[in-house]
Structures are given as C-alpha cells and as structure tokens.
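Heads up: the structure comes next, in structure tokens.
The values are calculated or read from the model by the stated rules, or taken from the named source; none is laboratory data. These numbers come from a predicted model, not from an experiment. Neighbour counts are summed over all protein chains in view; Cβ atoms, including those assigned to glycine, are modelled from backbone coordinates with ideal geometry. Protein only, heavy atoms only, side chains kept; ligands, DNA and RNA dropped before computing areas. Shrake-Rupley method; radii C 1.70, N 1.55, O 1.52, S 1.80 Å.
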Amino acid sequence: MRKFNIRKVLDGLTAGSSSASQQQQLQQQHPPGNREPEIQETLQSEHFQLCKTVRHGFPYQPSALAFDPVQKILAVGTQTGALRLFGRPGVECYCQHDSGAAVIQLQFLINEGALVSALADDTLHLWNLRQKRPAILHSLKFCRERVTFCHLPFQSKWLYVGTERGNIHIVNVESFTLSGYVIMWNKAIELSSKSHPGPVVHISDNPMDEGKLLIGFESGTVVLWDLKSKKADYRYTYDEAIHSVAWHHEGKQFICSHSDGTLTIWNVRSPAKPVQTITPHGKQLKDGKKPEPCKPILKVEFKTTRPGEPFIILSGGLSYDTVGRRPCLTVMHGKSTAVLEMDYSIVDFLTLCETPYPNDFQEPYAVVVLLEKDLVLIDLAQNGYPIFENPYPLSIHESPVTCCEYFADCPVDLIPALYSVGARQKRQGYSKKEWPINGGNWGLGAQSYSEIIITGHADGSVKFWDASAINLQVLYKLKTSKVFEKSRNKDDKPNTDIVDEDPYAIQIISWCPESRMLCIAGVSAHVIIYRFSKQEVITEVIPMLEVRLLYEISDVESPEGEQAPPLPTPVGSANPQPAPPQSHPSTSSSSSDGLRDNVPCLKVKNSPLKQSPGYQTELVIQLVWVSGEPPQQITSLAVNSSYGLVVFGNCSGIAMVDYLQKAVLLNLGTIELCGSSDPYRREPRSPRKSRQPSGDLKETAVFRDDVCRENISSREEQVQWLRSSVTGEFKVTVNTGLCDISEGTVAPEDRCKSPTSGSSSPHNSDDQQKVNNFIEKVKIKSRKFSKMVASDIAKMSRKLSLPTDLKPDLDIKDNSFSRSRSSSVTSIDKESREAISALHFCETFTRKADSAPSPCLWVGTTLGTVLVIALNLPPGGEQRLLQPVIVSPSGTILRLKGAVLRMAFLDSTGCLMPPAYESWKEHNVPEEKDEKEKLKKRRPVSVSPSSSQEISENQYAVICSEKQAKVISLPTQNCAYKQNITETSFVLRGDIVSLSNSICLACFCANGHIMTFSLPSLRPLLDVYYLPLTNMRIARTFCFTNNGQALYLVSPTEIQRLTYSQETCENLQEMLGELFTPVETPEAPNRGFFKGLFGGGAQSLDREELFGESSSGKASRSLAQHIPGPGGIEGVKGAASGVVGELARARLALDERGQKLSDLEERTAAMLSSADSFSKHAHEMMLKYKDKKWYQF
C-alpha cells in the first residue's frame, strides 16, 4: 500500500486518491484507540495555481535599445531573447521570445502601441503593447538571408530590412508580408566595383524627402537611393568601414562613424569627398599629417537645437594608448567636448528629443545609455551633464547576490522605518529634473499587506527591498564589512583563509521582522548580530567573541596516554570573573607544532566605529583556526529576540551565544551533540532534574578550572562544566546518558583542557585511561563510518536524480565563494561529516513526560537527525543580564530521510506558532524608571498560541527534509503523519507558509517540481513542473513566503517572482500596469509660407503606391515565411486569468469604445455647427450683393 501511495504522489494524480491511500496508511500506523484528534483543514487543490508574476532587476546580457518619444516607453532586448519594457517608475514588463535567440534590434511603431523585434535567427516579430501582457501578433522568418539592420520611418507601415548580402527588403507591418520591391546590392553600388560592399549596417530616409533612402554598407560605401526611379542618386565612398550614419534634420548633410575612430560629414550633393573629417580623440600632429588611428566609433548621433550649435554624441573612438581607460560616451556641443566615463561597456545609446519628427529641430534633452550591467540617463540640458537618479530596481547585482530571503505580511511600520534610514544613504549630485521615461499607468494594487525582500551580496552588503504590490524599491543598504580591517596591499592577505575572493560574502540571513533583529553568517565563518536604531551612535570597542568549534577524532593511540581528548573543548582564561567581549584578544597565531591556531579569518577593527541610523552592530562572532585547519563555513543560523540568543552550526558542530551577556553558552561537536550512546534513542532524560545544582553552582556563574572538575566528579545525574572561549567563559549542561561518561573517568577532566594540552589525569591509572579511550575511539570510528556510508549513498542518489550535464555542478557545488583551501582534510571527509542543517527556536514540549511547553531549540542535521536542546532562561530585566542561561541537550527525537531543511510548530487547532519575539523598541534612548521596573518584572514570553494553551492540549512539530516530511505529535512524540515527497530527486527548499487563513508546506525539488501539502495531514495539494535545477544560483536563492508568494534569482541580475495562489493569479491582471496610454501625436512642424510656395519643405511619398502589390508585385514565397502569432484575440483571452480578468478587459474595451464614440459625436456636432455658420454667412453675402452690377463691386 505504501509503494502504491508514493507512486500516486510522484505521478501527480488527484489529491482525493492520494489522501484516501494516505488515510489507509495512517489507520495502519495509528490504531483507532490512539488516533490523533482530527483538525479541520480548509485548503484544497483549487486554492492553488502556479504562474509567474513579475521580473525585477537589470536585463541580463542586454543587446538592443529602443524608445517611443510619444508614449515615453523604453524597450531593452537581451542576448537570451528577453524583452524588458520600462515606463514610469513602477510600470515594467517582461516578455520572452520562444526561440531564445538574441535580440539584435528593436523598432517602435511610434504612438501605435506596437514594437518590432529583429532576432539573430533572422526572424521579425510584431509585439502588441496595447495589452497588459504584450504578445506577438505576427512573425516573419527569413529563410535565405541574414537580417542585419531594420528601419521604420515615423508614421509609416513599411519596414526596411537590410541583410548580410547587402539587399534591402520591405515588410508591411500591418500584415507582416514582404513587398515585391527589393533593392539589390549590385544595383546600389557602382557597376565598376569589383568587390561586395558588405552587409547593410544602416538604412534611413532623408528627413526632407521620404523618397530618398540612405543605405550604408559595412565596407565604407554609402548610397542615396531614389525609391521612385529605383536607382542610386549619389554614392559616397570612404576607405574605412562604417559603423553608423546619422542625418542632419535639414536633410542636406549626414555624418558617418568609422572603424579608425573618425567622423566624416558629407554634403548630400558632394559625393566626391567629405566636407569635414573629425577624429574626436586622436592626437593632432603638427606637420599636418593624418591623426593616429583610434578605436572604432561604434555609434554617432547628430541632433540639432533651435538656438545654438548641434550635438554630436558618440560612443567609442578612444585612442589605443589609453590602456585600462573605462568606456566613454563623448558629447560634442559647439567647441566643447565632454568625455563621460562609464562603469561598464556601452551596448547602445539613444538621444531623447522633444519631437518625433526627423525634419524638425530635435532639441535633445537627455541621452539614455545602455551599459553591459547598468542603465544610465544623462541630462543634456544642465551644465556638466549630470545623470538622472534611476528609479528602477536595477542595482540588485551591484555586487553578486549570494543569498535571498522573502517576507510577506510584515509589520506595517517596518517599511517606513527602513525607508527613513535608507533615505539618508542616497547620493547627491543627480539631475534636478524628473525621470523622463514616464509612460504607462500603474495597476490597481489589490494587495493590502507589505512584503520585504532581503538580498545578501558577495561584498558583504545586505539590501532591504520594498516588494509590496508586485513592485520593487530599495529601502536600505547595510555594509557588514565595515566592522573588519581591510588588507591594503597584495602581500597582506588576512582575508583569504577560506576563500580567494569576497571574504565578506553573505551566506545566511536570519531576520525577525517584529523585533527587527538581524543576524548574518558570512563565508569567512563569521556571524554578526545587528540591532535596529534610529539614533546615530559611536561604538568605541566593537563587541566580539571567538569560538573554537572543531570536529576532531584522535586516530593515533599514545602508549603514554598523552593524547588529545576525543571530544576536546577549548578553555581560555581561568579568571573567576566573566571576561568581557574583546575586539582584539591576545591569542597566539600558532600552536606548539607551528600550525596556525586560535586565529579568526578576519580582523575586527580596533578603532571607534561610527554607526549611522539603521542596523548597528551588536556583536561579532568568529570561528577560529584549529591546529592549522581553517574553520568550516556556517551551514545554519537562527536568532531569537525574546530569548536573547543566537545559534549557528556547521559540519563541525553547533554553538549558541547569549548576545545580551556576550557569552558563549554551548559549543558542541555533532558527535558530542548526539552523544556516544545510541543516536536513535527516543527517551532522553529530562533536563528538569539537572536544574537542581549544588549550592556552589546556583550562586556562581563562572568557575575556575579546578572548581569545575570538583563539581563534575561529584555529579551522578548529569555533567556540568564550564568552557572558556578565547574571549569569555560559558556554561554547558549535558546529560550523562548522552555523553556516556561515568563518575570517576578521565573524560570530564579532559573536557576542561585545551586541545593542545596533553597531560593525563592524576586521579586514574594509565590502564583505566587506555581502556576508556579505546572504547570511546571504537564508538566514534563506528559512528563516523556509518555516517560516511550514509552520506555517500545520499550523494549518489542526488547525482543520479539530475541530468548528466548537471552532475559536475553538484560535485563542486558551484560555490566559488565557499571553497576551502585546506589540504589536510580531504573533501570526502568533510562531506561525510554530519552538519547542522536546520535550527528553530520554539516553546514546546521537550520530553514525553512534560506537562507544559518550555523554551527550547530544535536542531536538524544533514543525516536527518532531529535533536532538542532545552533552554532555562533567567527572569527578565536586570536579572536576565546577570544570571546565566542554562542549556541542556535532550537527545534525539526522531530521524528522517535526507538532510533536515525546515521545522515549524502547530498548536492543537492546526495554527502556526511563530517563535517568541520581543517587539522593537529604541535601545539607544535611556529608559525611564517606571519602564525599568516593568522590564524587571517582565519575562520573555512567546506570542504564539501555545502561551495560552491548557496543559491537556497538544502540539504538532512539522519537519521537512530533502526526501520526506513528518508531523510529530507532542508531547507524545508519535509520528502523526508522514509523506515521502520525492524518491528520485531531493527537496532544495521547503517552507511552512500561510495561505488563505490556513497553512501548508511548500517545496521546490531539484527535478523542477513545486509541490504543496496541507498541514497537519500532509495531503498533496499541488504538484507542478516549473523549471529544472540548471545552476546552483536557483537552489541558493529560491524561497517561499506567506500568501502564496515565492521568488528566485533567475539570472545574475534579475529576480523572478511567482505565485502559487489561485486568488493572486486571478487578480494579477488588475495589478499589472498598462504600457500603452492614449496620447495625441504632436503636430508636424510648420513648413512656412515660402517653403510651401516654392517646395522647399519635406517631400512626402506615397509608399502604398510604390510598395503595394499592384505596383511592385508579390515577393518570392521562399524568401520569408509568415507565422501568425498568439497575440490576437486568442492571446488576449489567454493573458487574462479567470472571469475577473475577462470582465475587466471587456469593461475597459467598452469604456474605450464609448469614449471614441463620444469624441466622434462631438466632432460631428462641431462640423454641423460650422456648416450652419458657413451657410448663414454665404446667404448674407448673397443678399448683400444680389442687386449690384459688376462695376459696383
């Protein structure tokens, strides 16, 4: 029956059949007499639907740029076939070409709500932008020629398409069919020319004469083609290759940019030689010789102004001797030349002008520059050409994103608080004008809750983003590297102990939105705890702790008994007083055998640190080197503001720190944590008894080494000892049953020694010590061997579950910032260790016999073990800062297949119980006496429903691993429900989230499936194939949050958000912004009286007559293939989700139709009135002159 159930789940069959088999299985597990109380679950399969919502960030690998000057919409194409459209801040859109071919050019149908894209696979696509989700209306695939350049004249429906062969074809953009009119390359060039002119690199019509087409060939030939006579009027030749061409608005001159860094200006009627040759960045030689060649000028634009000199704007053209100089944009205006350096390579640029008409003064006001990793807008109207402040969230990749967290339904005051402190971080010197790309309209935000995204970066920065209502805006940036000293020269490399680059990279983020406590774990095995404050402070000494966390097994047996203890624990100073946290502990940098020891990877600053309002450093914790081995990277992290504790673990063990007292409470290897007794033990002793210490233990918080030994030797129920780290002492309470230590053995004494100390105990004989050490060593080795086998099997199953091309990626884990440089410990050994993979603070039952919940920490490991550590917290107020927190590991609760990923707790009604927290309050402001008195009486309590529970009520622990999920009933610790999530793959991310006033378990698997399960019954609700695990970036950043939201880093520069909520999918259409808005096209420039009289103005061309089928015939069918797109009525229907979207779309269409009809009616009425008036005046004139003779006039 079990196999049958698993197969149904994996095949994605209906939830009903799966739940039926699940119920049968549960009936076998739980006899009718011991059944768990039924909880009414409200979530059903119809509450779930998966769809992408929005994509944020800079377009990855951009390749093309276009701008609609009337609609004020910007389009960016990429090398992966993506299309990003930007309007006013908050109006963005993402589209994707199915082929994935690179976009080589974009052309707007100005003010028509349409866009033409040309791709590297020689296809043209017409996009409809009049709907919220643009769709392709038509496609045209060229079969025999490669497309190189496109040009669409303003207010024309005929698109000129240049090809690699040098030919020009003409496409009707309404029907997307080819015209029979073709300009062949051999007719365009001189008949006497013996060489091919090369691909077409430029096409444009004369601003003053639409019948004249300027064609630029790569070889350096430019041809002015007469469309009516079908012949070349003029041919212009130059020795250097052409990259771009631009017209003067009067149509009498044009400018070309060349591969040798020169600009040539030509008169239309003087084809013999250019009027002027300019080398903007070339060194002018004194003897009149030609300047030295420069790098190619990739693009030039020629824009005129009514009052003054024209603008010549170009990219490239720098001299070759400027090695290492950054890419530049050059603005030449009159006699002044401004060289604007850019941070990245320039992909393309466009000049934004006041008019869309090419035959009018252009009046440029800004230049939009598309860089390889940024978008810059330059203000041409202000001196110095300042840039505009970019309102789009394009700085996600400012430093590579290394981790990501997503929080929905945050406290309402959180976003304003973060915005207020982040507003002070804004740079100065921006243009004072508003962002000029302001097209489109915002959507109607239906969401009423706030959302925050936190990104951790490779440079150690942490960014907070407001993600409410499918928008994204940066709120606040925190630089965690400020607390560390930076190496100033290449020889001094204190930061490269673990990684070659990015020693401050963020690996894990733990954040409590209610208390605003933030904790980060970095790649250099460091943890930093931050408090939020609105006050600026200066920290004289940065509080710091160093923790010696090691995983060591002694393999060499010493006949003299002088061996390192099998479970060593460091002890520092034997000072009877608690040592305060130090920023610079006096630790030795090497052990007795010359190996590096007790040294952290990073050095904390010793100078006072000015901390601005926002997140301020509370405590820095660093793992130190152990006997020449660098500390292992941190794999899990949790912070709790109510308890004042932070806990973290890695493949060596676990450490818990009291950040209020700045003291280490727990420092255990994973072997010590599990204990040398049976790791599957289900009934560990209660730690309650261990809280009845002797009088000495009750009164004293920190002891000398000899006092510690004396107390240890007198205990029967448990072992209590104190361990000192490099900077302070700390206290641990451990069960004897877990550590298998009996009274009188040498192990307790050895535990209180430094790992480098080798003296044996005087209280025991050498024989007894050898026997004990031998037994301990055999147990440890057997456990290590079993863990190695289990780990190898787990790794093999992972590799087999992925496609072949991904296996190498998983072997190296694609973590360039997390590779250890240590050679003394093999990678196999590190992989085989049992690492801490999940941590969760809660208030629940730690043992079967418990009658009431108590604070504790649940620990999950990579081998699927779940353990509990009980916490005995002192009273609140001043007592919390004076009395120690007692921690006592309680043993193993259960075991799951695969590494434990996530844990959560439900109350007896099935509601989620969040961890306890304290609400945020400003801690830099002195408190009043009354508040201090309240604080003394107050004790940290959980805000979860458990605090108000009756003793008889039970709880549920939800535990999700890489392979399965279990729901454990507490305090009985019985497995109430179990679900095998996947057999052939493994879960990358699992989160317990709330949706529609209920909760569920959401999982993302390596095979690309997104699944949700009801709680507590773990009934399958959704199983959809979304995307495969193509790289570790997705695995590292994928996360679910409440209200059916999820996100991941889809590229190094972009965040993709998605929803698995049916309600959000239905409302998505209304939430999206509109790109197209009805705007009147500006009036054409006035030709003037004399130009109209003598024909000096712009000459129009009847392109329909010239290119239509009647005059030019049909094009060859084999030349191009027309492909109808899905963007018509069917595409519109598909884009709308559900009935609500359909009704909204119909209502908008009716409103638009009604508005047009109303306008038409008004115009008709105006015409009738005008006709009546004209008739009246004509009648009056007729009456006036009716009886007069001709000579009387």
Entries of Lys132/Lys228; Lys212/Lys1114; Lys295/Lys373 with Cα pairs more than 32 Å apart
Lys132/Lys228
For the stretch 311-427, what does the accessible surface come to per residue with a 1.4 Å probe? Please give it in Å².
42 Å²
What net charge is computed for the residues neighbouring Gln1045, neighbours being all others with C-beta under 9 Å from the C-beta of Gln1045, Lys and Arg scored +1, Asp and Glu -1?
0
Interchain or sequence-distant (5+) residues whose placed amide H lies within less than 5 Å of the amide H of Ile508 are Ala521
Quick one: what are the phi-derived ³J(HN,Hα) couplings along the stretch 453-459, Karplus 6.51/-1.76/1.60 with θ = phi - 60°, whole Hz, x for glycine and proline?
10, 10, 10, x, 10, 5, 8
Would you pull out the residues with amide H under 5 Å of Arg596's amide H, same chain only if 5 or more places away, H placed 1.01 Å from N?
Ser591, Gly628
Quick one: length gained pulling Ala338 to Glu46 fully straight, 0.36 nm per residue minus the C-alpha distance?
99.0 nm
Zone of Asn186 (label point 7 Å along Cα→Cβ, backbone N under 20 Å): which residues in the stretch 145-167?
145-146, 162-167
Would you mind computing, in nm to one decimal, how far apart the modelled labels at Val541 and Thr277 are, each placed 7 Å from Cα along Cα→Cβ?
7.3 nm
Show the residues, 5+ positions off or on another chain, whose built amide H is closer than 5 Å to the amide H of Ser854.
Thr844, Phe845, Thr846
Rounded to whole Hz, the Karplus (6.51, -1.76, 1.60) HN-Hα couplings of the stretch 998-1015, x for glycine and proline:
9, 10, 8, 9, 10, 10, 10, 9, 5, 7, x, 8, 10, 10, 10, 9, 6, 10
In nanometres, what is the gap between the two model label sites at Leu1168 and Ser1112, each 7 Å from Cα along Cα-to-Cβ?
4.4 nm
Could you work out the local net charge near Leu318, counting Lys and Arg as +1, Asp and Glu as -1, over the other residues with Cβ closer than 15 Å to its Cβ?
+1
Under 16 Å by backbone N from the virtual spin label 7 Å along Cα-to-Cβ at Tyr1026, the residues of the stretch 49-73 are 49-56
Before I look further, what does the stretch 44-173 give for accessible area per residue, probe 1.4 Å, in whole square angstrom?
30 Å²
Listed residue pairs exceeding 18 Å between alpha carbons, taken from Lys486/Lys534; Lys463/Lys610; Lys187/Lys231; Lys433/Lys479; Lys482/Lys603:
Lys486/Lys534; Lys463/Lys610; Lys433/Lys479
Taking the stretch 121-205, which GluC sites (Glu not before Pro) meet the DSSP loop condition and have no more than 14 other C-beta atoms within 10 Å?
Glu174, Glu190
Vicinal HN-Hα couplings computed from phi for the stretch 600-612 (Karplus, 6.51 cos²θ - 1.76 cosθ + 1.60; Hz; Gly/Pro x)
x, 6, 10, 9, 7, 4, 9, 8, x, 10, 7, 10, 6
Sort all Cα-Cα distances of the stretch 836-895 into consecutive 5 angstrom bins from zero, then give the percent of pairs in each bin up to the one containing the longest distance.
4, 18, 23, 22, 16, 10, 5, 2, 0
Of all trypsin sites (Lys or Arg not before Pro) in the stretch 233-299, which ones are in loop regions per DSSP and have a Cβ with at most 11 other Cβ atoms within 10 Å?
Arg269, Lys283, Lys286, Lys289
What does the charge count near Asp413 come to, summing +1 for each Lys or Arg and -1 for each Asp or Glu among other residues with Cβ under 14 Å from its Cβ?
-1
Over 17 Å apart: what share of the alpha carbon pairs of the stretch 37-85 falls there, rounded to a whole percent?
59 percent
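What number comes out for accessible area per residue over the stretch 179-222 if the probe is 1.4 Å? Units Å², please. Mind showing how you got there, number by number?
Working: 1740 Å² over 44 residues.
I get 39 Å² per residue for the stretch 179-222.
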So, with a 1.4 angstrom probe, what is the percent of accessible area on the stretch 208-282 that is carbon and sulfur?
42 percent
Between Cys143 and Gln61, what is the label-point separation in nm under the 7 Å Cα-to-beta-carbon projection?
2.9 nm
